[in-house]
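The numbers here are math on the coordinates, done by the rules we state, and not lab data. Since the model is a prediction, treat every value here as computed from it, not as a measurement. Don't worry about glycine lacking a Cβ; one is built from the backbone with ideal geometry, like all the others, and counts go over all protein chains shown.
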Amino acid sequence: QLQASGGGLVQAGGSLRLSCAASGRTFSTYAMGWFRQAPGKEREFVGAIDWSGGNTYYADSVKDRFTISRDNAKNTVYLQMNSLKPEDTAVYYCAAGSSMLVVITRPHALDVWGQGTLVTVSS
């Protein structure tokens, strides 16, 4: 199971750090991804990190502003969000996949999702 937290209300230009805590002993073997869904819009990919934390990949819309990291000892993946914009407002979800490729290209195939945490960026 995955438990996302850290969302809240922030002004444009501000920062937030989301956390996604996983239960289970196999967390370190999974790639992890962050996704978001804004009101009235489809879910979109935000970023992904491989099992080791050595490789990351981001959507163009968040590149250079967001950073994904993980602490396998704590079974937790993070999403550091800087320079937030009103268009970043969404419910953010974490998900686990067998590889970064699956997370990035086949999110519909991911079967382990967190419950979502709401991020609201005011202008």
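Points worth noting:
- Distance between the pseudo-spin-label points of Ala109 and Ala59 (7 Å out from Cα toward the beta carbon): 2.1 nm.
- Based on C-alpha pairs under 8 angstrom that are at least 6 apart in sequence, region 3-123 has a relative contact order of 36 percent.
- When the chain is treated as a GNM with alpha-carbon contacts under 10 Å, the residue of Leu110, Leu18, Leu84 showing the greatest mean-square fluctuation is Leu110.
- Loop trypsin sites (Lys or Arg not before Pro), region 51-102, which have at most 12 other Cβ atoms in a 10 Å radius of their Cβ (DSSP): Lys63
- Put a dot 7 Å past the Cα of Arg43, heading toward its Cβ, do the same for Ser122, and the two dots end up 3.0 nm apart.
- Label zone at Ser52 (point 7 Å along Cα-to-Cβ), backbone N below 18 Å, region 9-32: 27-32
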